[in-house]
Amino acid sequence: MFGKLTLALTAGACLVLLPLAAASAAEPKPLKVAVSSIKDGGMIPTKFAFCQAAATGHVEPGKDISPRISWSAGPKGTQSYAVFLSDSDSPKTDRDKMNKEGTTVPKTAERQTYYHMVLVDIPASVKALKEGNASTARVLHGKPAAETKVGMPGLNTFTVVTAANDALKGKYYGYDGPCPAWNDEISAHHFTFTVYALSVKSLGLPADFDGPAALDAMKDKVLAQGKLEALYSTSTPPAAPAAKK
C-alpha cells in the first residue's frame, strides 16, 4: 500500500514555483548554518526523508522527521528568521516518465525548485529548531500548521502535487522530506537548507502561504542569509550526483 502511494506521490512531485532567493536592498551578511547529521555536500540520512530506497522493489516510506537546524546570530536589527528546504533538481519536463518501469527521466529534462519546508516568523531569540520541530512522522493527507512548534509554517509543494490524488491530497504544512524519483538520471538531487535573518518580526502572511509568497514578502527585508547543501537519492545503489548547476 505504502509503495503504491509513494510512487503515486513521486510521480507528480515536481512542481516549481520560484527560485530560492530573496532580494535585499543591501548585500546580505553571511550566516553559518548547520543541520544535524548532515555535512555540507553530504547525504541526507533516510530518517529525514519522506521515502527511501527499498530492499525489494524501488521505494518505501521514510520516517519523515524534520532535522535539527541551527544558525549563527543575525546582525543588528534582526527581528526574525525564515528557514527553507528546497530541491533544485525536481523535473519540470518529462514528468510522465517518473517512477515508470522501462524508462528514465533524462538528465536533460528541465528542472525546477520544489519546496520541502517553508517556515517564517521565527523569533529573533531562536537560533535553532529542534529535531521534529516541523514533522515527527510521515502523514498522508498532510499535517496541520499547529503541529509546527516554532515559527509559522507555509504549505510545502506536496500540497500542490497531491491535489489530484484522492489517496494523498491535503494541505501539507511544515516539513516533508526528500522523495526524488527512483528512475531519475540525476539520481542524487541537490537539497538546500537556507536560513534568512529578517528586519521584521512578522511577514504578515495569510495562513495558506507558500514558498514563492514568502520569498516575495521577504524582498528588501533580508539582513543576512546562509545555507547548507546536501544530496539525497532513492536509487539503489545511488548513481553519481550531477554536477552542481
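Computed from the coordinates by the stated procedures, all read-outs in this text should not be read as laboratory data. The model shown is predicted, which means the values in this text are computed figures rather than measured ones. Heads up, the Cβs are rebuilt from the backbone with ideal geometry, glycines too, and the neighbour counts pull from every protein chain shown.
Translational diffusion of segment 2-232 was estimated from the Stokes-Einstein equation, with Rh taken as the Kirkwood radius over Cα pairs; at 20 °C and 1.002 mPa s the coefficient is 122 µm²/s. Within segment 114-130, find all residues whose amide N lies under 12 Å from a label point positioned 7 Å from the Cα of Ala73 along Cα-to-beta-carbon. Within reach of a label on Ala73: 125-127. Helix content alone sets the calculated 222 nm mean residue ellipticity of the chain: runs of n ≥ 4 DSSP H residues at -39500 (n - 2.57) each, divided across all residues, give -2500 deg cm²/dmol. Per residue, the average separation of C-alpha pairs within less than 8 Å and at least 6 apart gives segment 46-134 a relative contact order of 35 percent.
Sequentially through segment 222-233, phi angles give Karplus couplings (6.51, -1.76, 1.60; θ = phi - 60°) of 8, 8, 7, 7, x, 8, 10, 9, 9, 10, 8, 9 Hz, Gly and Pro residues having no value and appearing as x. For Arg111, the residues whose amide H sits under 5 Å from its own are Lys92, ignoring neighbours fewer than 5 places away on the same chain, with H placed 1.01 Å from N.
Taking one quarter of the surface of the convex hull spanned by the alpha-carbon atoms of segment 165-232 gives a direction-averaged projected area of 6.5 nm². The angle separating the long axis of helix 2-12 from the principal Cα axis of greatest extent in the chain is about 70 degrees. The residues Thr56, Thr234, Thr78, when put in order of fewest to most other Cβ atoms within 10 Å, stand as Thr56, Thr78, Thr234.
Ordered by the number of other Cβ atoms lying within 10 Å of each residue's own Cβ, fewest first, His116, His141, His58 fall into the sequence His141, His58, His116. When each of Asp96, Asp89 is scored by the number of other beta-carbon atoms lying within 10 Å, the sequence from fewest to most is Asp96, Asp89. Taking 18 Å as the limit for the C-alpha separation, the pairs Lys63/Lys107; Lys201/Lys221; Lys39/Lys221; Lys143/Lys219; Lys130/Lys219; Lys143/Lys169 exceed it in the case of Lys63/Lys107; Lys39/Lys221; Lys143/Lys219; Lys130/Lys219.
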